[in-house]
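To start, the structure itself, in C-alpha cells.
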Amino acid sequence: MELFLNIGFLPFGIFDILDILIVGYVFFLIYRLLKGSIAFNIFIGIVMLYVLWWIVDTLNMDLLSLFLGQFMSIGVLLFIIIFQPEVRKFLLLLGNTGLSQRFKFMDKFFDTNLVNDEKIEKEIGAIKKALIEMSKSKTGVLIVFTKNMNHEYFGNSGVVLQAKVSKQLIVSIFQKESPLHDGAMIIANNLIQNAGAILPVSNNNRLPKKFGLRHRSAVGVTEISSAFVLIVSEETGNISYAMDGKLVPNISHSKLEELLKEHY
C-alpha cells in the first residue's frame, strides 16, 4: 500500500485516514447522545483516567501503572454498568443511522411512495388545520412522524389505532377530556398508528426550563431515532418541532406546512 505521508518515523496511509474517520464518527455519535447530560461528564472523566493510565504506563511508572491498570482491567464492565441506558441508546442510534441512510440511498433508484400526491396533500392539510386550531385553543399536542414503528423507541404503551389521518380524529384525541391526550400520537405509513404513547424523555440540561415534559419527550425520541416531532404548547399555544435532538420553538404556519411536506 502506497503511503500518502511520512511524518517522521510514522507511516501514514489510506487505512490510517479511514481509521481516524471511523473513530471520529463514533465519538461524534457518543457526543450527540450524551451532550448536556451528567453522563457526558462521567464519560470525560473515564477518558481522562484512561489517558493518565496510558501516560504512566508509557513512562514506566510501575506502581501507579499497576494501580490504574487494576481499575482499567474492569473498566469495560464498569462502563457498561454505569452507562447501561446510554449504551443501549447508542446502539439504537448507530443501527438507525445506518438503516436510514441505506433506505435514503435506495430511494434514489426506486419510487417507494405508493400513495398518490392528492391524498398526501389532503392529509397534510388536515394535520396543519388540526394543529392551527389546537394552537389557538392552547391544546397540548405531541405528534411523532416516523417511517417505521420501532417499539424500542416508542415502547409498548398507548393504544393501537391504525386509523386514517383526519383533522377531526386528531383534534378529538388531544382534547383534555380524551384519555389519550397526555401521550404522543405516532403517524407512520400515512396512518395514525398509536395514540397515548409514552416517549423517552431527554436528559439534555441545555433545554430551557420553560419547556416541560411534552417538549423534552419530543427531543428525547429524536435523540435516538430519525423521527420528526411537532409540539403545541399547552401554556402558550406556540407550535414547535424537534429533529435530530434539537428543538426549534414557535414556528410560523407557513413553516409548519413546509415541514409537513418535507417529513410526512
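The values are calculated or read from the model by the stated rules, or taken from the named source; none is laboratory data. Just so you know, these numbers come straight off a predicted model, no measurement behind them. All Cβ positions, glycine included, derive from the backbone under ideal geometry; neighbour counts span all protein chains shown.
A compact table of results
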{"quantity": "Residue count for the range 211-235, restricted to those that are touching a Pro at 6+ places or on another chain (Cβ under 9 Å) and over 20 Å from residue 41 (Cα atoms)", "calculated": "6"}
{"quantity": "Answer from 226, 178 - the residue that is in the same structural domain as residue 123 (by TED's automatic domain parsing) and either at pLDDT below 90 or of a type in the set (Lys, Arg) (or both)", "calculated": "226"}
{"quantity": "Output for the range 128-160, where each listed residue is among the basic types (Lys, Arg) and modelled with pLDDT under 85", "calculated": "147"}
{"quantity": "Filter result (loosely packed, with under 15 Cβ neighbours inside 10 Å and within 27 Å of the chain's Cα centre (by Cα)) within the range 164-174", "calculated": "164"}
{"quantity": "The range 176-202: number of residues that are under 19 Å from the mean Cα position of the chain (by Cα), among the hydrophobic types (A, V, I, L, M, F, W, C) and either in a strand (DSSP E or B) or surrounded by fewer than 24 Cβ atoms within 10 Å (Cβ to Cβ) (or both)", "calculated": "8"}
{"quantity": "Where a residue in the range 53-82 is on the phi > 0 side of the Ramachandran plot and exposed (fewer than 14 other Cβ atoms within 10 Å of the Cβ) and its partner, wherever it lies, is at pLDDT 75 or above and part of a helix (DSSP H, G or I), with Cβ under 6 Å and at least six apart", "calculated": "none"}
